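S.K.: Got a structure for you, questions after.
Taken together, the values in this text are just the output of simple stated rules run on the coordinates, not laboratory data. Computed from a predicted structure; not experimentally measured. Don't worry about glycine lacking a Cβ; one is built from the backbone with ideal geometry, like all the others, and counts go over all protein chains shown.
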């Protein structure tokens with residue numbers, strides 16, 4: 001019987017889950033947001049006033065929109081960038097991980113903080 005070895009805990013499943021969720025959001029929600037914001041609104045197909053947009057965005061639906069279109073894709077991009085640097089043989093693994101995920105976290109907190117400011121005003 002082999003001696004039991006203690007498994008090393010890793011945060012990789014969390015980063016891979018955020019990467020996967022961000023990829024889905026890149027593929028599904030961002031094209032839909034681009035069609036709506038860059039095509040349907042300017043062409044006049046959809047009417048949306050500033051007060052309507054503001055009341056919708058600063059609701060729970062706006063929070064989910066921010067998560068799907070900003071937060072999760074930021075973690076997807078950070079994960080891709082980190083593994084791209086790994087493929088380029090950048091040896092500062094801890095520094096790269098902290099910078100990539102730290103940047104994604106900081107921008108996510110900024111976006112969610114701005115949403116909170118608008119929501120509570």
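S.K.: Of all the Cα-Cα pairs you can form in the chain, what percent are over 20 Å apart?
M.R.: Above the 20 Å cut-off, the chain has 57 percent of its Cα pairs.
S.K.: Provide the gained length on full extension for the span residue 81 to residue 7, in nm with one decimal, where the gain is 0.36 nm per separating residue minus the Cα-Cα distance.
M.R.: Gain in length upon complete extension: 23.9 nm.
S.K.: Residues of the range 33-75 with amide nitrogen under 19 Å from the 7 Å Cα-to-Cβ point of residue 99?
M.R.: So the set is 74-75.
S.K.: What distance in nm separates the simple spin-label points at residue 41 and residue 61, each placed 7 Å from Cα in the Cβ direction?
M.R.: About 1.4 nm, to one decimal.
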